[in-house]
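Down below is the structure, laid out as structure tokens.
Since every read-out is calculated from the coordinates, none of them should be taken as a lab result. If you're wondering where the values come from, they're calculated on a predicted model, not measured in any experiment. With ideal geometry, Cβ positions are generated from the backbone for all residues, glycine too; neighbour counts draw on all protein chains shown.
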Amino acid sequence: MGRALARARDGHRANVGRRSWFVRSSSITRLEGRDGRADADGGRDGWGWTLDAGASVAYARKGALRAGVVERRDGKAALVVREFPSLESVKVSEKSVEMRFAASADAETAEAFASEVAANAQRADALLSAAWELINEFGLEDGEVCDASYVSELMFEGEERAAGANAFAAYRLLQSQAGGTYFKAKGKGTYEARPSDQIEALKKKIEAETRAAAVEDEFLDEIRAAIAAPRGDKPRGQTLWRASAEDNDARVRRLEALQAYALGDKFHSAVEKAMADDLLGKLGFPRSSESALKLLISTGTWSTHENVSVRKYGVPIDFPQEALDECASILANPPADVDASSRVDLTHLSAYAIDDAGTVEVDDAVSAESLDEGRIRVWVHVADPSRWVTMNSTLDITARGRATTLYYPTELVPMFPLDIAAGPMSLGANAEASEAMTIRADVDADGNIEDFDITPSLVKIDRRWTYDEVDAELDSVTCDASLRLLYKVASARDERRADDGSVTIILPETSIKVQGATARGGEDDATVEMVKLESNTASRTLVSELMILAGDVVARFGIKENLPLPFRGQGEPRLMSDDEWDEIPEGICQDMAMRSCMNASTGGATPRPHSGLGLDAYVQFTSPIRRYADLLAHYQIKAYLRGEQPPFDTESMERVIEDIGNSVGGAIRSQRETSKYWASVYFASQPASARWTAKVVKFLRGDDLVIVIFDDLGFESVVKLDRPALLGESVTLRVVGAEPHAGSITFARVHE
């Protein structure tokens, strides 16, 4: 090659005066010799070319020069060409043809030679560099360019090959990335030699791009290996995506984009979508949020049962270290009780703390004693977390951000750290006495409140009761007298509220419990249990009515003392006509219909009626360990009782209620979606032979898309029936599909 280039250099010097191989930019030519074009009558477009079947041509397709033999014409302006080396028949525009070879064999030879040259990167660079050096040494006048024929003479001078093969190879090189480094395309088939500083800059750019491509290929291979690995051998968490000096944090940014994309349309930006789609496409995945989720799970980045809703709504699971440190400090050095002097000692009362068996945050307990004329004095003792936590402390701010305790099927996610929430904050944690806020109400035989007060107190919980234990005790002929009084006043209050327009809806509930997973998710060994909960029991009615009684009293207290409190309200239900109502079967179907008539509840710093409860005003007060809005009411009332200015005026109370509402909204949506997910996992895990009996309780569209409630599970689901059913009719169902991450389950009716 060196001798050939030397001869080319000599030839160039001999011809430099006439510049026979240079053309003006205004007279761009094609690769074929210019003599043929002079014959205007010889062929199409005045080229002197005939492009019928058998013609051997070079043409541009998909950004590259290719060679082939014309098989036939396709209309006036298109050709069908058998392309080398694939021998595939392709359709090309006649305008894309750049040159014609003398014989069909020449096209195949040219393609083979051009591929051979291009495959040897070192040789290709040497050829381009030498050609550029020759051209650059003698220079071009302003506006002059060279064509590929000339460059091929410099590259392959003296090397004999089939006609056009050298020019074809040169053209292919000029079109390549390496060719673009040395020569700049100025028009179809013509080029300009680049300045040396521009070449160096381009080489550095290409080198950087090559390194980046190698890093990218390595990363893609790592992802494919992670996908192929057994579940137990996959890299965990963000191991696969750790930043390195070579990728300049690109992996981290891609993980962030992929995770945002996996959450759905409302949770990612256009930039994140584009970045995630690019990665999914390179890996052969469909470009979609569902694919992003599958990729994250299949690589081990997310768990098999990843709780997407926790990420979607930003639900905090772990507590910040500052909050844990403050909690530890409080436990080690309990703060002074600022209300110690005003606490009323009620440790002589029998206080019943009634909860589910697994409850660890004990917010409330109840006591009762008889008065004259059929009246009953009721005490509702409520945990006093503000005895331990001050407003705007780290723990308080953390609890405000969480807004509520969450009950996932997998675990409890508390509003306060459990060390303090299930410890000194909870009633009964201290064997001697617990600090509380006690609501006293004197209730007459008709359920009317005659007198009330609220005071800091000390109470003693002798024993904790479960709902089942209370039901059994109430059924016993030896039932404790105080417990019997509590049920009596609860029944009277229930009737009183009903007379005042309250709405009672009795629907079964489903308890979903998961073992082997956490709030964040879990792997394949997680197991799901579903059981039916009955809400219409004596014990649950007792507790519910007394908590509503407490909320009624707190609202009355707030109104009396003109205190801004987190009031709850609900508008009147949107009732259907009597004729429509009478067509609905009594019981569960009417309860479902009434639920659809109810308006959403509202919150604010001023009193408002609560039609669902049949109350003029209502404040939730009895769960301050688990609901921040309840704790707000504690802060206000305790400050007032101490003779201090309450911390919130009406305006600031409205603001904090709105903030809490936003946090609670996302948390409750996460809790609901998580329950749907695990319900879907449960049904997906059942054998194909499994059958369930359910009752049709509501029509959604016509009489084939319905809501059903499962008899044994209390589970509610939308089902499309293959034929109409009646309200209240029992149907037998089987599972035909479940998509846990979509929270969907598809049932089909079974006809026995």
Across every pair of different alpha-carbon atoms, what Kirkwood hydrodynamic radius in Å does region 103-192 reach?
13.2
Taking 28 Å as the cut-off for C-alpha to C-alpha distance, list the pairs among K294/K513; K312/K695; K62/K205; K234/K312; K95/K186; K460/K638 that go past it.
K312/K695
For helix 650-684, what angle does its Cα long axis make with the longest principal axis of the chain, in degrees from 0 to 90 and rounded to 10?
70
On a 0 to 90° scale, report how tilted helix 196-228 is relative to the longest principal axis of the chain, with both axes built from alpha carbons and the result rounded to the nearest 10.
50
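I need the semi-axes of the equivalent ellipsoid of region 686-750: take the C-alpha gyration tensor, multiply each eigenvalue by 5, square-root it, list largest first in whole angstrom. Please report the intermediate quantities before stating the final value.
Numbers: eigenvalues 65, 35, 25 Å².
Square roots of five times the eigenvalues give 18, 13, 11 Å.
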Distance in nm between E411 and R61 label points, each 7 Å along Cα→Cβ, equals 6.0
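May I ask for the Kirkwood hydrodynamic radius of region 206-302, worked out over all distinct Cα pairs and given in angstroms to one decimal?
Hydrodynamic radius (Kirkwood, Cα only) of region 206-302 equals 13.6 Å.
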Quarter of Cα convex hull surface for region 539-667, i.e. mean projection, nm²:
9.6
For labels at S342 and T527 in the simple 7 Å Cα→Cβ model, what's the distance in nm?
5.3
For a quick check: with amide H placed at 1.01 Å from N, whose amide H comes under 5 Å from L533's, ignoring anything fewer than 5 positions away on the same chain?
E509, T510, S511
Give me the distance in nm between label points sitting 7 Å out from Cα along the Cα-to-Cβ direction at D125 and A481, one decimal.
10.2
Suppose R0 equals 22 Å; then what is the FRET efficiency for I397 and A429 from their Cβ-Cβ distance, rounded to the nearest 0.05?
0.40
Just want to confirm a number: the relative contact order over region 686-750, from Cα pairs under 8 angstrom separated by 6+ residues, in percent.
31
Relative contact order for region 160-218 using alpha-carbon pairs under 8 Å, separation at least 6, rounded to a whole percent?
19
CD proxy, 222 nm, the chain: helix-only mean residue ellipticity via -39,500 (n - 2.57) per DSSP H run with n ≥ 4, per residue, nearest 500, stands at -12500 deg cm²/dmol
Net +/- balance of residues flanking D74 in space, Cβ distance below 11 Å, scoring K and R +1, D and E -1
+2
Here the FRET efficiency for L507 versus H751, based on Cβ atoms and R0 = 35 Å and rounded to 0.05, is 0.80
Compute the normalised compactness of region 616-735: alpha-carbon radius of gyration over 2.2 N^0.38 Å, N being the residue count.
1.67
Computed over the chain: longest principal axis from alpha-carbon atoms vs helix 538-560 long axis, angle to nearest 10 degrees, is 90
How big is the chain along each principal axis, measuring the range of its Cα positions in Å and listing the largest first?
130, 66, 46
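Compare the peptides 665-671, 148-154, 606-612, 686-692 by average per-residue count of other Cβ atoms within 10 angstrom and give them in order, highest first.
Peptide ranking by packing, descending: 148-154, 606-612, 665-671, 686-692.
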Quick one: length gained pulling M576 to D197 fully straight, 0.36 nm per residue minus the C-alpha distance?
128.2 nm
For the chain, what is the relative contact order in percent, using Cα pairs closer than 8 Å and at least 6 residues apart in sequence?
9
Binned at 10 Å from 0, what are the whole-percent values of the Cα-Cα distance distribution for region 255-313, short to long?
26, 59, 15
Cβ-based net charge around V656, under 12 Å, with every Lys or Arg adding one and every Asp or Glu removing one
-4
